[in-house]
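Colleague: Just passing along the structure, written as structure tokens.
Derivation of every value follows stated rules applied to the coordinates shown; laboratory data play no part. Here the structure is a predicted model, which is why all the values come from computation and not from measurement. Methodologically, a virtual Cβ is constructed for each residue, glycine included, from the backbone with ideal geometry; neighbour enumeration extends over all protein chains shown.
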């Protein structure tokens, strides 16, 4: 069983749409959570950390539900430049951080 | 100016060869990582070093040998390359291997193709 599961998509949405991605994780000992963005043939880059209280950064809102072991990312007013793969990441820390990546959800924003 | 750099960017080689990938970070971070991203885009941790010390060693064939000459460098040597080694290999670094909100910064990746 994978540590982190995501719907691979693709999600094809028009500009201006609101789109939501979900992610589930299997290990209840997971301690911190992130969304990364990966453009085609590029490296992953941190989009935002996810906090228990939920957090917002401009058009992006992340939510965490520890009881259900579920993380979400909401993108409002989608732009063409939002087209990318969004990776859900969880950190399970024993003595050191160990990061587990989901396989990503692909988003295509169309004009 | 690049924070995390890797060389080479592309590597095409024959089965059975030995090759190395180099990684350097100029962020002053203590921890460095090697990840493998396969054709299904699944990014999986291989190794992690903290201040030149190996701290994470996932189930990776012993044909893969990382080496950290100092905390700014983490190299990956692969012996007897196999077809299944074809993937994109990403190096990453982070400030503190114990910080709960540790952010990783990735290099541009090395696309390895084994023929």
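Colleague: Using only the alpha-carbon atoms, what does the protein assembly as shown span along each of its principal axes? Please give whole angstrom values in decreasing order.
Modeller: 49, 39, 38
Colleague: Using only the Cα atoms of the stretch A:30-111, build the gyration tensor, take square roots of its eigenvalues as a ≥ b ≥ c, and label the shape rounded, prolate or oblate: rounded if a/c is under 1.5, else prolate if a/b is larger than b/c, else oblate.
Modeller: Values: a/c = 2.41, a/b = 1.46, b/c = 1.65.
Here the stretch A:30-111 falls in the oblate category.
Colleague: Quick check on the stretch B:3-43: take the gyration tensor over C-alpha atoms, sort the square-rooted eigenvalues as a ≥ b ≥ c, and tell me if it's rounded (a/c under 1.5), prolate or oblate.
Modeller: Since a/c reaches 1.5 but b/c is at least a/b, the shape of the stretch B:3-43 is classed as oblate.
Colleague: Related question: Using Cβ counts within 10 Å as a stand-in for footprinting exposure, how do B:105, B:35, B:10, A:51 rank, fewest first? Please list the in-between numbers first.
Modeller: Values: B:105 18, B:35 26, B:10 10, A:51 13.
With the sparsest Cβ surroundings first, the list reads B:10, A:51, B:105, B:35.
Colleague: Relative contact order, percent, of the stretch A:1-62 when contacts are C-alpha pairs under 8 Å separated by at least 6 residues? Please list the in-between numbers first.
Modeller: Values: 55 pairs, mean separation 13.9, N = 62.
Worked out over the stretch A:1-62, it gives 22 percent.
Colleague: Distance from the Cα centre of the stretch B:1-65 to that of the stretch A:62-111, in angstrom?
Modeller: Going from one Cα centre to the other spans 23 Å.
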